[in-house]
Ligand SMILES: Nc1ncnc2c1ncn2[C@@H]1O[C@H](COP(=O)(O)OP(=O)(O)OP(=O)(O)O)[C@@H](O)[C@H]1O
Ligand SMILES: [Mg+2]
């Protein structure tokens, strides 16, 4: 155990660097994925076929491609058409794109779960679609959507490890590098796993609090 | 002020309104009665464009009801609706429910709207429930909030679709009482109802709808006391003397 702690102390600074990168990439892609996801959901529920159908095809297309392939595509193929992104930017773009589609579907399901009577009540006082969304549908959908959204956030955090394949120096990448230079797989990957738990467990708790707070306001 | 001219409506091949002609004059209360599935709700919902109709004309004052036209939103601010299942906004208090339309649709001044909304809630007997959420109100209270929400738009007419059908019997009276008050103030109302007693006392005229057609229409006293058609007689016998 003593050797574990001394080694851990030795490895931690490097791993903490990776942890910060993991947090940065998760937050950046979550923000982007949420905005895009909301956009997909609003387009799909707009009632305007010319907007809804292309969005649906796009979302279902992206959902059918493994995240690693999306990342490779953005990092290795996009430069050929003149879009040169850093590894970090490509990582954020890939995660955000993929997760915007998962989150978008979650939001859409929440919007569609609202009772038809609410829509009729909103229409019957003269509300147009955008106002109805803003004042009637979305505030109610938020509650329904919170649990699956929280789940998406945790999945996104864990999937941020995938960007190690395009050389982003996040936690998993740092762990791999450290393990191959020290051959101390046991210590390194135990620490990596624990550091992920240091993020996911509090995040889970926060999300549950938010759910309770939203549910309680009813 | 509300006019139906040969209105036809079908869901797919299923014809629901088969040529409706009717007119509701300003300040009058018209009750729409008829068996289940006869098209009462559909007829009502065509007036504010919650349903579309395929042919004929519905006009409100001079405005044609056309769901494809931007004017439909304006029509809906002038013709309010009260639903069987209340459809209050559950995430807003009673007061906020009533303020919602005038504030966000009509963009009226907030403090004026607040004063008017609390006056209206007082008037429907809910002055002590301004800050209650719909979930904590009884069905009768919710329906009265819904009526206040409709009135807050200062509509020229109100459509009611079986406003007491989802209520426990002991709450029917309080809602009908509010509606009676509106009738006395000459609010134009088109009311789908099974409350024959209410129709008898309050309605100026009654329309009897069966199978998508208006079988009989006329002053409430005549139609409800001496129905001319066998089908109307049958229907009235069944609703006033069940079993
Ligand atoms: N959205 C819909 N799609 C298909 N058919 C419908 C739809 N809404 C109503 N209908 C049909 O139209 C007919 C008339 O319905 P409507 O709701 O207007 O009847 P109603 O007179 O209000 O009946 P109730 O007293 O049961 O409320 C019924 O046969 C019903 O099944
Ligand atoms: Mg009906």
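Computed values, structure above
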quantity: Complete set of residues in the range A:141-157 that are surrounded by fewer than 21 Cβ atoms within 10 Å (Cβ to Cβ) and either within 14 Å of chain B (Cβ to nearest Cβ) or within 18 Å of residue B:97 (Cβ to Cβ) (or both); calculated: A:142, A:143, A:144, A:146
quantity: In the range B:166-195, the residues that are crowded, with 21+ Cβ neighbours inside 10 Å, farther than 13 Å from residue B:31 by Cβ and within 16 Å of ligand 1 (Cβ to nearest atom); calculated: B:167
quantity: Inter-residue pairs, beta-carbon under 7 Å, first over 15 Å from residue B:238 (Cβ atoms) and in the range B:23-48, second in a loop (DSSP other than H, G, I, E, B) and within 15 Å of ligand 1 (Cβ to nearest atom), 6+ apart; calculated: B:31/B:193; B:39/B:212; B:40/B:34; B:42/B:51; B:45/B:51; B:46/B:53
quantity: Given (1) more than 14 Å from chain A (Cβ to nearest Cβ); (2) modelled with pLDDT under 95, number of the condition residue B:71 does not satisfy; calculated: (1)
quantity: Only one of B:168, B:119 that is without any contact (Cβ under 8 Å) to a residue 12 or more places away in the chain and either over 30 Å from residue B:1 (Cα atoms) or more than 9 Å from every other protein chain (Cβ to nearest Cβ) (or both); calculated: B:119
quantity: Test: residue in the range B:9-24 that is away from ligand 2 (no atom under 16 Å from the Cβ), within 16 Å of the chain's Cα centre (by Cα), crowded, with 17+ Cβ neighbours inside 10 Å and outside any strand (DSSP E or B); calculated: no
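Residue by residue, here is whether (1) within 11 Å of chain A (Cβ to nearest Cβ); (2) within 16 Å of ligand 2 (Cβ to nearest atom) holds:
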residue: B:48; (1), (2): yes, yes
residue: B:64; (1), (2): no, no
residue: B:88; (1), (2): yes, no
residue: B:96; (1), (2): yes, no
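The values are calculated or read from the model by the stated rules, or taken from the named source; none is laboratory data. Just so you know, these numbers come straight off a predicted model, no measurement behind them. Virtual Cβ from ideal backbone geometry, glycine too; neighbours counted across all protein chains shown.
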